[in-house]
Structure formats: structure tokens, C-alpha cells
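Here the structure is laid out as C-alpha cells; the discussion comes afterwards.
The values are calculated or read from the model by the stated rules, or taken from the named source; none is laboratory data. The model shown is predicted, which means the values in this text are computed figures rather than measured ones. Here Cβ is always computed from backbone atoms with ideal geometry, including for glycine, and neighbour counts include all displayed protein chains. All accessible areas refer to the heavy atoms of the entire protein, side chains included, with ligands and DNA or RNA removed. Shrake-Rupley method; radii C 1.70, N 1.55, O 1.52, S 1.80 Å.
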Amino acid sequence: MSRAAVLAGLGTYVPPRVVTNEELSRTLDTSDEWIRTRTGITRRHWAGPGTATGDLAVEAGTRALKSAGSGDVDLVVLATTTPDHPCPATAPEVASRLGLQTVAAYDLAAVCSGFVYALASATGAIAAGIAERALVIGAETYSTILNPEDRTTSVIFGDGAGAVVLRAGDPDEPGALLGHDLGSDGSLKDLIIVPSGGSRQPVAAAGTSGARPADSYFSMQGKPVFRHAVTRMAASSQAMLDRAGWAAETVDWFVGHQANVRILHAVADQLGMARERTAVNLDRVGNTSAASIPLALADAVTGGLITPGDRVLMSAFGGGVTWGSTALVWPEVAPG
Ligand code: ACO
């Protein structure tokens, strides 16, 4: 029997500072009503100065290892769009701070699809015998790349981290990931982009005012992203359902990337799933990119929605553009 990756632990962390729609409405031309009705978001958490993505990742990682009942892992994969530094990767320092010493550790960049990509990457390592137990983390501090003057992005994103432990196991035991559907379309890269700060366009010097250049911030073309997100998440979810041999109506919980409640409902409609089967926590945390799916999973488990034995389908869409889906039967795992 081939080796499967089995979910054995789950942990999350959000920074303490809560930013409400009302607070954003004081400095931006927006309103609680617009944000709530167009996205479903009512508040989000933002890390303050001095807190980096790695700090959130360490907190979530600590909780996931506790949930798994063991700090014994030999691989760390950290999905993030907002690493602590352009170089080196954030994962090795996170691993070191978690006391994991010299384990293999790397970052993975697939924007909002990062966590699903990271699950697939760690699953591959486990299947190949490269790793026995992997810590997979999605962590972000989007507050550091949001343009405070851009109402189209500032109201949407939040900071946070979520992590799972995967261990080698059997494909037919609860918690085994039942396959992965991944894809990308780089012809659409400009839809979600931080234009400068990479090799294509190194960061420009701050102007004489000392202000941060506008192109060093995150930008998103919301409308086409919305359209592609629905189409791709629905198609990828269906491909994953086919792989798992599940009919859509037998799925207990759809845990989709928490970008917009209207997107989640549209995907559920296209799949023929009841909207009530959609896990939603974006109202309280916003879009946390690579952290979004583990945060939504933990919220649904803690809230008593997802219980052991439930069929759980996960799907994400993000910058690149990228998308991906996976599925599992929920095991006896509670967030640490
Ligand atoms: N407050 C008030 N008005 C606003 C705001 C705001 N915060 N933001 C935009 N508007 C205005 C626009 O300027 C526009 O005004 P106009 O009609 O006068 O031009 C109007 O509201 C409608 O704007 P749209 O962008 O068409 O609004 P839409 O209904 O599409 O909602 C949103 C925007 C929420 C961004 C939506 O398009 C969306 O959710 N897109 C998908 C995001 C997503 O899925 N991201 C996932 C990947 S992200 C990643 O990978 C990092």
C-alpha cells in the first residue's frame, strides 16, 4: 500500500489587534455597510510594527505540534506571500525557533493557494520517503504590503497563521489526504501583484518626501479575480471530488479560501452543494491568504461544525494566478 500523508495536528494564531470596518471607515472612503455587503467581512486582525510573519508562524506551529502530541517533525513547509525578508526564506528560522534544529525547511509562494500547494508538496515528500512527519504552515502579514490609501485592498486582508502536522500513514485511514488538484495561469499574473521589490523591478528609492513608493504595495483587480476565483475553484473542487469518488452532496463541509462570502456561495452553487455546508470565518478574520484555509478549518472544528468522520473538501484560488483543492475525512484532531 502506498504511503499517504495523514493530518495529525492543527494550530492557529491571529495577532491581538482587531481592526473593525468602522475604524477603516475613519481614514478611507468606505463604510461598514459596503464592506459587509460586498465581502461579508466585519473585522480583521493586523499585526503591529515589530511583528513579522515568522512570529505568527511560530505561534501557530507551536499549537499544531501540541495538537499532534509530538514536536517530532523532519520537514517544515511555510506558505507565505509576506516572508520576513526577501532572502533568506522564513521557514528555517521558524523551524529553529520551534526547537526543530536542523530539519529541512523552505518557503512556498503560491499566494492565497499557498496552503493547498504546501499540503501537496509535503504529501509528495512523505510519499517519496523524504519525510516522515511534516509541519505545514500558512502565515501572512498582509498589513505590511497593503497601501493604507487603497480602499479596494485595505478592507479585505487580515493577518494570521495556521498550521497542520502531516504524518506518514495509510490512504484509507481518517485524516489521509485523498489527492490534490493544482493549477496555474501565469498569463493573468497582473491581476494580483506587488509590482516592485523583485528582480523585475527592484524597489525604487523613496521619493524626496520619504514616502513608500506606491508600486511596492499589493494591488488587485477585484472584479476579474472574483470571476476567475469562482470558475477555477468550482472546476478544481469538482476534479478533486472525482478523484476522491465523492458526490458533491455527500460532502459535509466545504472549506474554501476565505476571500469573499459571495465567492464561497457561488462555488457551492456551481458544485450543487448546500450553501450551509460552507465554512465561513472571513467575517471575523478577513482574507488571510495562505493562512485562510487552516484558520477556517480550526474555527469550524472548534465551533463543533466539523466533527470526526466528516467529509471535508478544501479549495483555494490566489495570485499567480493559482488554484488548488484537496479533501479528507476529518480525523480525531482538535486544534492545539
Ligand atoms: N468601499 C466603498 N466602495 C468601494 C470600495 C470600498 N472599500 N472598494 C471599491 N469600491 C467601489 C469601486 O470603486 C466601485 O466604484 P464605481 O462603481 O464608482 O467604479 C464600486 O465600489 C464597485 O467596485 P468593484 O471592484 O466592482 O466591487 P466588487 O463588487 O467587485 O467587490 C471585491 C470588490 C470585494 C474586491 C470583489 O471583487 C472580490 O472579492 N474580488 C475577489 C477577491 C479574491 O477572490 N481574492 C482572492 C485572491 S487574493 C490573493 O491571492 C492575495
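Structure notes:
- Using the alpha-carbon positions of the stretch 213-292, Rg (one decimal) and Dmax (whole number) come out as 14.1, 50 Å.
- When you restrict to C-alpha pairs under 8 Å that are six or more residues apart and normalise by the size of the chain, the relative contact order lands at 26 percent.
- C-alpha long axis of helix 53-68 to longest principal axis of the chain, angle in °: 20 degrees
- To the nearest ten degrees, helix 292-302 and the longest principal axis of the Cα atoms of the chain are 60 degrees apart.
- The string of couplings for the stretch 186-191 from the Karplus curve (6.51, -1.76, 1.60, θ = phi - 60°) is x, 5, 9, 4, 6, 5 Hz, one whole number per residue in order, with x for Gly and Pro.
- Debye log10 I(q)/I(0) for the chain, one point scatterer per Cα, at q = 0.08, 0.11, 0.12 Å⁻¹: -0.33, -0.64, -0.77
- In this simple spin-label model, placing a label point 7 Å from the Cα along the Cα-to-Cβ direction at both S2 and D283 gives a separation of 4.0 nm.
- Axis of helix 261-271 versus longest Cα principal axis of the chain: the two differ by about 40°, to the nearest ten degrees.
- The mean sequence distance of close C-alpha pairs (under 8 Å, at least 6 residues apart), as a share of the length of the stretch 4-169, puts its relative contact order at 35 percent.
- A quarter of the convex hull surface defined by the alpha-carbon atoms of the stretch 184-336 gives 11.1 nm² as the mean projection.
- For the stretch 156-244, the alpha carbon convex hull comes to 178 Å³ per residue, rounded to a whole number.
- Size of the stretch 4-169 as Cα extents on the principal axes (Å, biggest first): 53, 29, 25
- Between Y106 and T37, the FRET efficiency from the beta-carbon distance, with R0 = 41 Å, is close to 0.55.
- Overall, the accessible surface of the chain at a probe of 1.4 angstrom is composed of carbon and sulfur to the extent of 52 percent.
- Potential lengthening between A211 and L305 on full extension [0.36 nm per residue; Cα-Cα distance subtracted]: 29.2 nm
- Under the Debye formula (equal points on every Cα, no solvent term), log10 I(q)/I(0) of the stretch 69-151 at q = 0.16, 0.18, 0.25 Å⁻¹: -0.61, -0.74, -1.23
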